[in-house]
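The values are calculated or read from the model by the stated rules, or taken from the named source; none is laboratory data. The shown structure was predicted, so the numbers you read here are calculated from the model rather than taken from an experiment. Positions of Cβ are generated from backbone atoms using ideal geometry, with glycine treated the same way; all protein chains shown enter the neighbour counts. SASA here: full protein model, heavy atoms, side chains in, ligands and nucleic acids out. Shrake-Rupley method; radii C 1.70, N 1.55, O 1.52, S 1.80 Å.
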Amino acid sequence: MASVDSTGSAFPGWRSGHLLHGLAVLLLLGVWSIRGLEVTTGKVSSIEAMNGSTVLLPCSYSSCIGIYKLYFSWHYNNNGTMIKYCEATIPSEDIEPKVDVYHERVEFVGSSKKSNISILLWNITFEDEGEYKCFAKNPKEKGRNHTATFTLRVVDQLREVDNTLTVIIVSVVGGVIGLVIIVMVIKALVVHFLLKDDEKNKECLVSSSGNDNTENGLAGAKAENKGTPKA
């Protein structure tokens, strides 16, 4: 039977302080595991490029707690054999690394100030087609590491994009907009002419009313003149 200390705990070696410390460690580990080091090739993880062209192999890293002596490298997967293209260690944030390049057509174009570790591959050939691995390891996160894959496809010529649907959509939208404009112009003209007709009708009514009053006045005057006896 387990012994019970004065605090009533079955484990006298544990105190509330130890429990709080353990919970804090667990929480920190949880944060590191969720929001730790991550490398990514961006929104696009593959590209199709022409033979003989130069392509950018993008890669960037992020870490919520920062970096210290972050190690990164690029490898090419040659049918299961990983060939190292370059590697370097970034001492700390905002300090540019000294990159060791092991391939004559590879150029490092990244910058630690932008958390960018991208490379250029010059004058590509069909033999360059395949998967490229961007790897990073952060000792500040107890050696946490992450890898992103970028796929390169090499072609003789780029495929033409069929814009038929786009042209149809643009034509339909343009036609609808044009029709709306025509209807609005016609409506404006109709309203304009209706207003003019109303003004003319009002002028005619005023003129007619004035003429009627004048004629009535003249007729009354003549009647008075006829009814006046001679001296």
Once fully extended, how much extra length lies between residue 44 and residue 77, figured as 0.36 nm per residue of separation less the alpha-carbon to alpha-carbon distance? 10.0 nm
Taking a probe of 1.4 angstrom, what is the accessible area of residue 126 in Å², to the nearest 10? 100
Fraction in percent of alpha-carbon pairs per bin - 5 Å, the stretch 57-140: 3, 14, 27, 24, 15, 9, 5, 1, 0
How far is it, in nm, from the label point at residue 191 to the one at residue 109 when both lie 7 Å from their Cα along the line to the Cβ? 5.6
Solvent exposure ordering (accessible area, 1.4 Å, most first) of 43, 69, 114, 84: 43, 114, 69, 84
Leaving out ligands, DNA and RNA but keeping every protein chain, what accessible area does residue 65 have, in Å² rounded to the nearest 10, with a 1.4 Å probe? 60
Tell me the accessible surface of residue 61 in square angstrom (1.4 angstrom probe, heavy atoms of protein chains only), to the nearest ten. 20
Restricting the stretch 39-106 to GluC sites (Glu not before Pro) in coil, as DSSP defines it, with at most 11 other Cβ within 10 Å: 104
